[in-house]
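*Asks:* The following block contains the structure, expressed as structure tokens.
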Amino acid sequence: MKRKFVSICILLSACLGMSILSGCGKTETEQRYAWPLATASPEDTVTQIFAEKFADEVYELSGGKMKIQVYANSVLGGDRELLESCKDGDIPFVVQNTAPQVSFMPDLAVFDLPCAFDTLEDCRETIDDSNFYGLVSQVYTDGGYHLLGMADQGFRVMSTNRPVKAFSDFKGQKIRTMENSYHLAFWQSLKASPTPMSFSEVYIGLQQNTIDAQENPYEVIVSNRLYEQQDYIVETNHLPHLISLIVNDEFFQELSEEEQAIMTEAAQIATEYARQASDERIAERVATIEASGTEIITLSQETRDEIRQASAQVYKDIKAAISNDIYNAYLGN
């Protein structure tokens with residue numbers, strides 16, 4: 001499997017050279033190429049922070065013997081292409097949101113259960129639970145990957161030009177969503193009018209009133225200046241925006257136990273680092289939005305309860321499509 005990465009590393013000009021150390025009749029060959037780690041996200045994101053921290057920690061923990069080069073901004077492909085390349089053995093490491101992975105690993109639809117958590121702390125506690133993490137890790141392994149860690153960019157929230165303070169205010173809102181059947185079903189359950197649209201078209205869609213609203217984590221809303229076209233941010237907190245750090249499983253299994261341990265420890269450090277960075281950046285993003293004059297609306301518990309009740313069918317659909325063990329472990333049943 002390792003041979004498959006050599007050609008792409010050469011094409012990426014990631015050659016770091018090979019040094020042969022001789023002494024007492026022994027020779028030691030260092031890693032010749034930096035293993036590529038790819039993301040489809042811009043550089044100024046938590047995704048990039050997560051990826052870079054992991055690469056840095058692998059280098060430090062290995063004493064400089066293990067090297068990873070991060071490629072952002074879809075340089076090596078979009079989310080789907082990266083996932084396929086990782087599975088095929090062309091790119092060993094990928095960091096990306098879980099949403100594009102559902103079509104490859106249906107059990108990951110568990111992360112599409114709407115309003116499952118009231119706080120980010122509750123969500124992270126569930127992700128880190130040994131039972132749940134073990135079950136999800138097996139899903140990745142069965143798919144040909146090895147899950148090294150899972151960070152986040154906080155919750156996804158709604159931005160809109162029509163205020164939402166009661167459940168009835170969702171009705172009729174033309175909201176852009178990803179092309180995900182569970183996401184569409186969720187917004188339909190709120191009587192909104194979800195519209196799948198390429199993300200590159202969202203800003204102009206809001207500007208030209210083709211859509212009334214969209215949903216994304218604060219990080220995306222600010223980095224793409226979507227708040228400039230919106231009067232309100234509604235803290236629906238309907239889904240956590242989870243970021244997975246994965247590696248081709250065959251590649252990982254061919255590493256020595258020491259190398260595997262280094263990557264596992266590096267991923268744990270990077271996960272905590274990325275989560276802390278996410279929390280800090282959310283606070284900064286909120287301040288930026290408020291300074292622009294866009295109002296942030298926090299929904300009442302009553303409205304959140306109504307959202308959960310309305311989306312009951314989404315829960316049923318996801319439960320029918322995924323492992324019962326994963327479903328129950330995610331919800332603490």
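The values are calculated or read from the model by the stated rules, or taken from the named source; none is laboratory data. All values derive from a computational prediction rather than experimental measurement. Using ideal geometry, Cβ is built from the backbone for each residue, glycine included, and neighbour counts are taken over all protein chains shown. All accessible areas refer to the heavy atoms of the entire protein, side chains included, with ligands and DNA or RNA removed. Shrake-Rupley method; radii C 1.70, N 1.55, O 1.52, S 1.80 Å.
*Asks:* Tell me which of these N209 doesn't satisfy, since it passes every other one: (1) free of Cβ contacts under 8 Å to residues at least 60 places away in the same chain; (2) touching a strand residue (DSSP E or B) at 6+ places or on another chain (Cβ under 7 Å).
*Replies:* N209 satisfies every listed condition except (2).
*Asks:* Now a separate question. Is it the case that region 224-236 has a residue that's open to solvent by 10 Å² or more (accessible area, probe 1.4 Å), at pLDDT below 95 and either in contact with a strand residue (DSSP E or B) (Cβ under 9 Å, 6 or more places away or on another chain) or under 24 Å from Q101 (Cβ atoms) (or both)?
*Replies:* Looking for residues that are open to solvent by 10 Å² or more (accessible area, probe 1.4 Å), at pLDDT below 95 and either in contact with a strand residue (DSSP E or B) (Cβ under 9 Å, 6 or more places away or on another chain) or under 24 Å from Q101 (Cβ atoms) (or both), one finds at least one in region 224-236, hence yes.
*Asks:* Quick check, is A72 over 30 Å from E306 (Cβ atoms), small (G, A, S) and within 17 Å of the chain's Cα centre (by Cα)? Quick ask: steps written out before the conclusion?
*Replies:* Details: over 30 Å from E306 (Cβ atoms): yes; small (G, A, S): yes; within 17 Å of the chain's Cα centre (by Cα): yes.
Spelling it out, A72 is indeed over 30 Å from E306 (Cβ atoms), small (G, A, S) and within 17 Å of the chain's Cα centre (by Cα).
*Asks:* Is it the case, given these coordinates, that S223 is of a type in the set (G, A, S), farther than 24 Å from S85 by Cα and without any contact (Cβ under 8 Å) to a residue 24 or more places away in the chain? Walk me through it before giving the result.
*Replies:* Numbers: of a type in the set (G, A, S): yes; farther than 24 Å from S85 by Cα: yes; without any contact (Cβ under 8 Å) to a residue 24 or more places away in the chain: no.
Criteria not met by S223.
*Asks:* Looking at region 276-283, is at least one residue over 22 Å from Y232 (Cα atoms) and among the hydrophobic types (A, V, I, L, M, F, W, C)? Before the answer, list the steps.
*Replies:* Within region 276-283, the first condition is being over 22 Å from Y232 (Cα atoms), and the residues that meet it are 276-277.
Of the ones still in play, those that are also among the hydrophobic types (A, V, I, L, M, F, W, C) are 277.
Looking through region 276-283, at least one residue is over 22 Å from Y232 (Cα atoms) and among the hydrophobic types (A, V, I, L, M, F, W, C).
*Asks:* Here's a follow-up. Looking only at region 63-83, count how many residues are of a type in the set (D, E, K, R), surrounded by 15 or more Cβ atoms within 10 Å (Cβ to Cβ) and farther than 14 Å from K53 by Cα. Give the derivation first.
*Replies:* In the first step, residues of region 63-83 are kept if they are of a type in the set (D, E, K, R); the result is 65, 67, 79-81.
Narrowing the set further to residues that are surrounded by 15 or more Cβ atoms within 10 Å (Cβ to Cβ) leaves 67, 79, 81.
With farther than 14 Å from K53 by Cα added as a condition, the list becomes 79, 81.
So the answer is 2.
*Asks:* Return the pair list, or none, for Cβ contacts closer than 9 Å from residues in region 91-117 that are within 30 Å of A55 (Cβ to Cβ) and touching a residue at least 60 places away in the same chain (Cβ under 8 Å) to residues that are among the acidic types (D, E) and buried (at least 21 other Cβ atoms within 10 Å of the Cβ), at least 6 apart or on different chains.
*Replies:* Sorted first by the residue in region 91-117, then by its partner, the pairs are T98/D112; A99/D112; V102/D112.
*Asks:* Check whether at least one residue in region 70-83 is part of a strand (DSSP E or B) and farther than 29 Å from S198 by Cβ, and report yes or no. Full working, then the answer.
*Replies:* Let us first name the residues in region 70-83 that are part of a strand (DSSP E or B), namely 70-71.
Restricting the remaining residues to those that are farther than 29 Å from S198 by Cβ gives none.
The answer is no, given that none of the residues of region 70-83 is part of a strand (DSSP E or B) and farther than 29 Å from S198 by Cβ.
*Asks:* Looking at A38 and the list (1) modelled with pLDDT of 95 or more; (2) of a type in the set (A, V, I, L, M); (3) open to solvent by 70 Å² or more (accessible area, probe 1.4 Å), which single condition is not satisfied?
*Replies:* The single condition A38 does not satisfy is (3).
*Asks:* Here is a further query. Inside region 84-101, can you point out the residues that are open to solvent by less than 20 Å² (accessible area, probe 1.4 Å), on the phi < 0 side of the Ramachandran plot and either touching a helix residue (DSSP H, G or I) at 6+ places or on another chain (Cβ under 6 Å) or part of a strand (DSSP E or B) (or both)?
*Replies:* I91, P92, F93, V94, V95, Q96, T98, Q101
*Asks:* Grab the helices (runs of 4 or more DSSP H) fully contained in region 109-196, keeping just those with 3 or more residues being crowded, with 20+ Cβ neighbours inside 10 Å and among the polar types (S, T, N, Q).
*Replies:* Values: elements: 120-128, 130-143, 181-189.
The helices (runs of 4 or more DSSP H) meeting that bar number zero.
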